[in-house]
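The values are calculated or read from the model by the stated rules, or taken from the named source; none is laboratory data. Computed from a prediction, not measured in an experiment: that's the story for all the values here. So basically every Cβ, Gly included, is an ideal-geometry build from the backbone, and we count neighbours across all protein chains shown. These accessible areas exclude ligands, DNA and RNA; they are computed on the full protein's heavy atoms, side chains included. Shrake-Rupley method; radii C 1.70, N 1.55, O 1.52, S 1.80 Å.
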Amino acid sequence: MDSRLRGNDEQLRVSVNTTMEGFLMKILIATGGTGGHIFPAIETAKALRVRGHQVSFAGVLGSAEDKIKALDFSVFSLSAQGLTDRSFKGWLQFSSIMFQAVYRSFGVVQKCAPDKIIGFGGYGAFPVVMAGVLMRVPVLIHEQNVIPGKANTLLSKFVKKVAISFEGSRKYFDPAKAVWTGCPCHYSAAPTRPEGLAAFGLEANKKTIVLIGGSQGSKKLNEIFFELMKDMPPIYFQAIHMTGPGDFPLYEAKYREANLPVKVYPFINNISHAYAAADIIIARAGAATVTELGLLGLAAVLVPYPFAGNHQKYNADVLADCGAALIVEQKDLTKASLRQAVDHMLFSNFSRGDILKKTHGSFQTDAALQLALVTEGL
């Protein structure tokens, strides 16, 4: 934990408890876009609610809106989109849509009347955060990745504080604003290995490989991993394969036809059990995934998503630089390159304890709480 935050915990509790009645504060969380922005926002909202605050969400929430509502948070949904066409016409269209979203966000902020706003990056959060800044609401933004996105880079000039997931991000922001909170993720009391294996009906005497291709899956990873598992002796290896919803029917049929010991899912809700069962993880390198792997001491092969500014490569470097993961870039991804990386990590015989020693000090164990504390202190 960042010592600056640890020392301020009791002070923040006192200052909040003596200034509010009923709900301590009304917090508006601005998020949207991909799961990489939305999941940390949800975990932070839970931490804030536990501490007595009333939390609402606003932004371009898409399919996550139902999940957020199911957790009993109020939702203010907006329409906007990222910049996909970089022509002059595309910029005009993007600017018009974003201007309208910011205009609508004034109404959201006025209706919600928050004491503080937390933005989680991306085009989904930008209009709400900008409206909050212009209406003089104290704003904190959270940057998930090592290399900041365009929205947070711009917004950082105007907000009060910038929470970062990795210390390597500090150099991109005003040092007086940047505070290392870490990235909220699936990190809690972990199931045991037997519990993890039992949850997926797997055998204890085999090495377990787990592929997590991101919330939407990866066609390239799915294809290469299937070919890899056809070559792995089933007497020694088994796998859990999260395909994403689009490829699930195809690979469920393929594995069944090939009679391979692979459990296939479109999405894994009980990811902590998959981590507990794993001897090695093959994954993209989103900020939350990298944080989870580092905190749990899991050997990993990372295949960073090669688009969106290649920001996942820099996230992956955090683990690779301390010897806790190997990186295979997508342009180099073949069955042979993936097999070589998996063999190296598996047969280096790193225990979870060994990897935890390598990653010690690189990740925060209580990022959602840290974000809550910084928010209270704005």
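For this structure, a couple of remarks:
- Counting the residues of segment 267-284 that are of a type outside the set (D, E, K, R) and modelled with pLDDT of 95 or more gives 10.
- Flag not set for L140, criterion: under 18 Å from H311 (Cα atoms) and either touching a Phe, Trp or Tyr at 6+ places or on another chain (Cβ under 9 Å) or of a type outside the set (S, T, Y) (or both).
- Just one of (1) over 21 Å from S188 (Cβ atoms); (2) buried (at least 22 other Cβ atoms within 10 Å of the Cβ) fails for D354. It is (2).
- Unmet criterion (only one of (1) exposed (fewer than 14 other Cβ atoms within 10 Å of the Cβ); (2) over 25 Å from the mean Cα position of the chain (by Cα); (3) in contact (Cβ under 8 Å) with a residue 60 or more places away in the chain) for L228: (1)
- Selection over segment 342-351 of residues that are open to solvent by less than 40 Å² (accessible area, probe 1.4 Å) and either aromatic (F, W, Y) or within 24 Å of the chain's Cα centre (by Cα) (or both) gives a count of 2.
- A204 meets the conditions (1) in contact (Cβ under 8 Å) with a residue 40 or more places away in the chain; (2) in contact with a helix residue (DSSP H, G or I) (Cβ under 9 Å, 6 or more places away or on another chain); (3) open to solvent by 50 Å² or more (accessible area, probe 1.4 Å); (4) closer than 26 Å to R352 by Cβ in every case but one. The failed one is (1).
- Note on segment 207-217: residues that are in a loop (DSSP other than H, G, I, E, B) and open to solvent by less than 10 Å² (accessible area, probe 1.4 Å) amount to 1.
- Looking across A300, A324, one residue alone is open to solvent by less than 20 Å² (accessible area, probe 1.4 Å) and touching a Ser or Thr at 6+ places or on another chain (Cβ under 7 Å). It is A324.
- Among the residues making up segment 229-242, those that are closer than 12 Å to V262 by Cα and assigned to a helix (DSSP H, G or I) are M229, K230.
- Note on segment 357-378: residues that are at positive phi and open to solvent by less than 30 Å² (accessible area, probe 1.4 Å) amount to 0.
- Number of positions in segment 247-273 that are touching a helix residue (DSSP H, G or I) at 6+ places or on another chain (Cβ under 7 Å) and part of a helix (DSSP H, G or I): 4
- Residue match in segment 117-134 (condition: outside any helix (DSSP H, G or I), touching a Phe, Trp or Tyr at 6+ places or on another chain (Cβ under 9 Å) and surrounded by fewer than 20 Cβ atoms within 10 Å (Cβ to Cβ)): no
- Residue within segment 304-318 that is within 17 Å of the chain's Cα centre (by Cα) and among the acidic types (D, E) present: yes
- Verdict on H53 being open to solvent by 20 Å² or more (accessible area, probe 1.4 Å) and either charged (D, E, K, R) or at pLDDT 75 or above (or both): no
- Here N310 passes the criteria (1) among the polar types (S, T, N, Q); (2) in contact (Cβ under 8 Å) with a residue 12 or more places away in the chain; (3) closer than 17 Å to A287 by Cα; (4) open to solvent by 40 Å² or more (accessible area, probe 1.4 Å) except the one numbered (2).
- Within segment 262-281, the set of residues being open to solvent by 20 Å² or more (accessible area, probe 1.4 Å) and aliphatic (A, V, I, L, M) comprises V264 only.
- Selection within segment 231-261: residues that are farther than 19 Å from F347 by Cβ and among the polar types (S, T, N, Q). The member of this set that is surrounded by the fewest Cβ atoms within 10 Å (Cβ to Cβ) is N259.
- The criterion of at least 2 residues that are free of Cβ contacts under 8 Å to residues at least 12 places away in the same chain and open to solvent by 20 Å² or more (accessible area, probe 1.4 Å) is met by none of the strands (runs of 3 or more DSSP E) falling completely within segment 139-189.
- Checking segment 219-228 against the condition returns no match, with no residue being part of a strand (DSSP E or B), in contact with a Lys or Arg (Cβ under 8 Å, 6 or more places away or on another chain) and aliphatic (A, V, I, L, M).
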